[in-house]
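Engineer: I'd like to ask you about the structure that follows.
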Amino acid sequence: MKFIVLSASILALSASVALADPIADRKAQMKARGALVGELAPIARGQQPYDAAKVLATLEEMSKNAETDVSVLWPAGSEAGDHTSSLKVWEDPSAFEAAVDKYKSDVDAAVAANPQDIDAFRPLFGAITSNCGACHEDFRVKRG
């Protein structure tokens, strides 16, 4: 019986590893990141009332989302396929990793600041979104 359980466990583990898809994983991560930014953008623009608890909770989710292991989501060999990552990701991985680290650092700084009003929040959010734009400019292929 132990052999059957052990064999089933090994089979399940190898199946999950075999099904791992870094392209799908990074697309899901970026989609989630975009949705989180999308929750805060109307607040930053003054289109929604400022809610410090909601802002902090969303920033904390952004921090969790930013825990990106570049080597896992953009491993060698995942350059080909249906994605918008530029070849620069693989050609200059240290620059890409620095961009990812800068984003994470700015998100963590915003969490630590725990902005209590719109005036404190806007510059923090601006720093975060400027990281998004810079990374997209350097490490993303524009489609269409």
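Engineer: Collect residues whose amide H, placed 1.01 Å from N in the peptide plane, falls under 5 Å from the amide H of T68; neighbours closer than 5 in sequence don't count.
Structural biologist: Answer set, sorted by chain and number: none.
Engineer: Next question. Which listed residue (A134, A110, V37) has the Cα farthest towards the positive end of the charge dipole for the chain, taking +1 on Lys and Arg C-beta and -1 on Asp and Glu C-beta about the Cα centre?
Structural biologist: So the residue we want is V37.
Engineer: Using the alpha-carbon atoms, what tilt in degrees (0 to 90, nearest 10) does helix 52-65 show relative to the longest principal axis of the chain?
Structural biologist: So the inclination is approximately 30 degrees.
Engineer: Something else now. What do you get for the angle between helix 118-139 and the principal long axis of the chain? Use alpha-carbon atoms, 0 to 90 degrees, nearest ten.
Structural biologist: The answer is roughly 50 degrees.
Engineer: Then there's this: How would you rank 104-111, 28-35, highest first, on the average number of other Cβ atoms within 10 Å across their residues?
Structural biologist: So the order, starting with the most tightly packed, is 104-111, 28-35.
Engineer: Evaluate E = 1/(1 + (r/R0)^6) for A120 and K27, where r is the Cβ-Cβ distance and R0 equals 30 Å; express this FRET efficiency to the nearest 0.05.
Structural biologist: That gives a FRET efficiency of 0.35.
Engineer: Quick one: angle between helix 2-19 and the longest Cα principal axis of the chain, in degrees between 0 and 90, rounded to 10, please.
Structural biologist: 50
Engineer: Quote to one decimal, in nm, the extra length available between K54 and D92 on full extension: 0.36 nm per residue of separation minus the C-alpha distance between them.
Structural biologist: Between K54 and D92, full extension yields 10.0 nm more.
Engineer: Once amide H atoms are placed 1.01 Å from N in the peptide plane, what residues at a sequence separation of 5 or more from R140, or on another chain, have their amide H within under 5 Å of its amide H?
Structural biologist: Answer set, sorted by chain and number: S86.
Engineer: Next question. Could you give the size of the charge dipole of the chain about its Cα centre, using +1 on the Cβ of each K and R and -1 on the Cβ of each D and E, expressed in debye and rounded to the nearest 20?
Structural biologist: Approximately 380 debye in magnitude.
Engineer: With no solvent and one equal point scatterer per Cα, compute the Debye intensity ratio I(q)/I(0) for the chain at 0.20 Å⁻¹ and report its log10, rounded to two decimals.
Structural biologist: The calculated log intensity ratios at q = 0.20 Å⁻¹ are -1.16.
Where a number appears in this text, it was derived from the coordinates with a stated rule and is not lab data. Everything quoted here is computed from the prediction, not taken from an experiment. Glycine also receives a Cβ, built like all others from the backbone with ideal geometry; neighbour counts cover every protein chain displayed.
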